[in-house]
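All remarks here apply to the structure that follows.
The values are calculated or read from the model by the stated rules, or taken from the named source; none is laboratory data. Predicted, not measured: the structure shown is a model, and the values here were computed from it. Cβ atoms come from the backbone with ideal geometry, glycine included; neighbour counts cover every protein chain shown.
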Amino acid sequence: MNQKNIPFGLSSIFFITIIVAFCSIVYELLLAQTLTVILGGNVVRYSITIGLYLFFLGIGALSCEKPKEYPLKTFILLEIILSITGAFSVVILFYLSTFQFSHPYFFLFISHAMIAWIGFLSGMEIPLLTQILGGNKFARILGFDYFGSLIGTIVFALYLHSELGLVTSSFVIATLNLFVAIACLIKSDFKLLKVFSVILLIIFSVVLYFSQNIQNYLRFFYQNSYISSLVPNSKIRITNVIQTKYQTITEGHGEVFNKEGVSFFKDHFIFLDKGLQLGTTWFKPYHQAFATGGLLYQNKPKLDILILGGGDLLLAQDLLGSGRVKHIDLVDIDQEFINYLKVHPYYSRYNQYAHSSKNVKIHVKDAFLWVRKKAILQKSKYDLIFIDFASLKESDKGLHLYSQEFFTWCNQLLNSNGAMLSWVYDSKNHKKIMTNLFFESNFKYKKEYKAYTMKHLKEVSYSPDIDNTFVQTFWILSKSDISNFKNLRGFSSYQKLLYKTVLNESWITLKANNKKVNSIFKPNYNLIVSNKK
């Protein structure tokens, strides 16, 4: 095309190339993250999204192999369509997310069709820009396209996702994309496109103004649909949804009904992402049981303790209540979650002492990096380590925190007579995977214990046959000879507790099995627990 027909100079065209590449890659990252939120599996979602995007980039480019009669007009139309698709794609996916329960393949088809469509349209951009410029400019346009993609990935990771959120980001990027189309229309004779673009810009501006409200509504809508799907015959009311830098905090009330429609269970809950973190009816037995297992295990009068996770500080509070704590290091990455529970109208009544205690030091750090550094420096040794992370529910986001490397470093931070404690999902397959994982992390022995409510214990007497009434299951893991440790068995209580702890198992020597070990270099996705059975 003759240079005089170009709406602006050569450098402006290269700048436009950067902008459109920036927009396209961000659209795909937004879709990948949205699918991660809805379906879980960070690595899978991002890998498939980017792979599909690149494939359809090629298809789009091939579709423009023959020169277009009106490349500028085609390019403008392309950017308008891309802006509309990119703007509403995240909103559409959240609205359609309820279909993942009843029609999962339909949801997968629609979501990946969006990825393919954006990739196809984006693939047409470079050939069209090359035709608009004419001459031998393909290499330079391609180079600037790559620059734009790099900028997009960085801006998405460091700012858009964490600061603006998914919905607001999608409309910000769509507006930027639309500005490219409007800029190309300034000196053109395409009056109808000009009018349509201005109307679209007004719509985007209005939606952007209300985007935070829309985003909050979609969070409530999705979380309510998801949590309701977990428990049949339930009534869920979400009261608050907060997106921190690292996770989604969902708070609400739940009520479960029997077949006759009579309510028999009520709870006030907090979910972290897709995992149930706290419930007012059971958080006390859970944390007291967790703490007591370690306190009954150790003979030392004063203990150095490391809590990994546990940002609610409820476990730290129960440990402090024993009077046997010398010092607690607590490592949690999410300062917003810590602050949220610190001032919570209900839970703050149960963790304030831990927040103000001089014996507790809170480290707002990535536990993986913190433990690795401590293990390398070998400056600290602990009598007890508690693994109090959110469970791996339908996402591989925290899989590295259940890796052989991580638990090996934890092992190195223990004193010779120290022990590590962890909640264990009560599934035979899951327990086998965890057994092999702890064995490969150089732990030698384990003892399983379970916490029962007082109601259960009134109905049963101690027997190995009461497994069907347990509340929670925990493991104590030892790295060395256990001959000096208490071989506790039967009922035992610690102070005035709401439960009894049953250590109904002798120490068991860990042995290797045929289950794949989860490693940061070779992950085992079978560790991830699905809520849907």
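Which residue, of Ser170, Ser188, is under 25 Å from Gln215 (Cβ atoms), small (Gly, Ala, Ser) and either in contact with a helix residue (DSSP H, G or I) (Cβ under 9 Å, 6 or more places away or on another chain) or touching a residue at least 40 places away in the same chain (Cβ under 8 Å) (or both)? Step through it out loud before you land on a result.
Working: Ser188 fails: under 25 Å from Gln215 (Cβ atoms).
So the residue among Ser170, Ser188 that is under 25 Å from Gln215 (Cβ atoms), small (Gly, Ala, Ser) and either in contact with a helix residue (DSSP H, G or I) (Cβ under 9 Å, 6 or more places away or on another chain) or touching a residue at least 40 places away in the same chain (Cβ under 8 Å) (or both) is Ser170.
Among the criteria (1) part of a loop (DSSP other than H, G, I, E, B); (2) more than 14 Å from Leu164 (Cβ to Cβ), the one Thr239 does not fulfil is (1).
Given the condition in contact with a Ser or Thr (Cβ under 7 Å, 6 or more places away or on another chain) and not in a helix (DSSP H, G or I), answer yes or no: does some residue in the stretch 124-137 qualify? Yes - at least one qualifying residue is present in the stretch 124-137.
The numbered conditions (1) part of a helix (DSSP H, G or I); (2) in the same structural domain as Pro71 (by TED's automatic domain parsing) are all true for Ser188 except (1).
Scanning the stretch 99-140 for residues that are at pLDDT below 85, small (Gly, Ala, Ser) and either buried (at least 18 other Cβ atoms within 10 Å of the Cβ) or not assigned by TED's automatic domain parsing to the domain that holds Leu30 (or both) yields nothing.
Taking residues in the stretch 204-230 that are free of Cβ contacts under 8 Å to residues at least 12 places away in the same chain and not assigned by TED's automatic domain parsing to the domain that holds Phe179, and partners anywhere that are among the basic types (Lys, Arg) and surrounded by fewer than 17 Cβ atoms within 10 Å (Cβ to Cβ), the pairs with Cβ atoms closer than 9 Å and at least 6 places apart or on different chains are Ser228/Lys235.
Name the residue, out of Thr292, Thr250, that is assigned by TED's automatic domain parsing to the domain that holds Gly323 and of a type in the set (Ser, Thr, Tyr). Steps first, please.
Details: Thr250 fails: assigned by TED's automatic domain parsing to the domain that holds Gly323.
Of Thr292, Thr250, the one residue that is assigned by TED's automatic domain parsing to the domain that holds Gly323 and of a type in the set (Ser, Thr, Tyr) is Thr292.
The residue of the stretch 218-242 that is modelled with the highest pLDDT, among those that are surrounded by fewer than 20 Cβ atoms within 10 Å (Cβ to Cβ) and under 14 Å from Leu93 (Cα atoms), is Phe221. Within this structure, Asp304 fails the test of being closer than 30 Å to Asn417 by Cα, assigned to a loop (DSSP other than H, G, I, E, B) and not small (Gly, Ala, Ser). Please tell me if Phe521 is assigned to a loop (DSSP other than H, G, I, E, B), at pLDDT 85 or above, within 33 Å of the chain's Cα centre (by Cα) and over 23 Å from Leu295 (Cα atoms). Yes.
Out of the helices (runs of 4 or more DSSP H) lying entirely within the stretch 1-107, which hold 3 or more residues that are under 29 Å from Ser162 (Cβ atoms) and in contact (Cβ under 8 Å) with a residue 12 or more places away in the chain? Can you show your working first?
Numbers: elements: 10-39, 42-63, 71-96, 99-102.
Ranges flagged: 10-39, 42-63, 71-96.
Please work out if Ile84 is in the same structural domain as Phe144 (by TED's automatic domain parsing) and more than 24 Å from the chain's Cα centre (by Cα). So Ile84 fits the description; yes.
If you filter the stretch 38-76 down to residues that are out of contact with any His (no Cβ under 9 Å at 6 or more places or on another chain) and hydroxyl-bearing (Ser, Thr, Tyr), you find that the one that is modelled with the highest pLDDT is Tyr53. You will find that of Ser380, Ser395, Ser348, the residue that is in contact with a helix residue (DSSP H, G or I) (Cβ under 8 Å, 6 or more places away or on another chain) and under 22 Å from Gly40 (Cβ atoms) is Ser395 and no other. Every listed requirement among (1) under 24 Å from the mean Cα position of the chain (by Cα); (2) at pLDDT below 95 is met by Leu369 save one, (2).
Against the list (1) closer than 30 Å to His400 by Cα; (2) surrounded by fewer than 21 Cβ atoms within 10 Å (Cβ to Cβ); (3) out of contact with any His (no Cβ under 9 Å at 6 or more places or on another chain); (4) not β-branched (Val, Ile, Thr), the condition Leu96 fails is (1).
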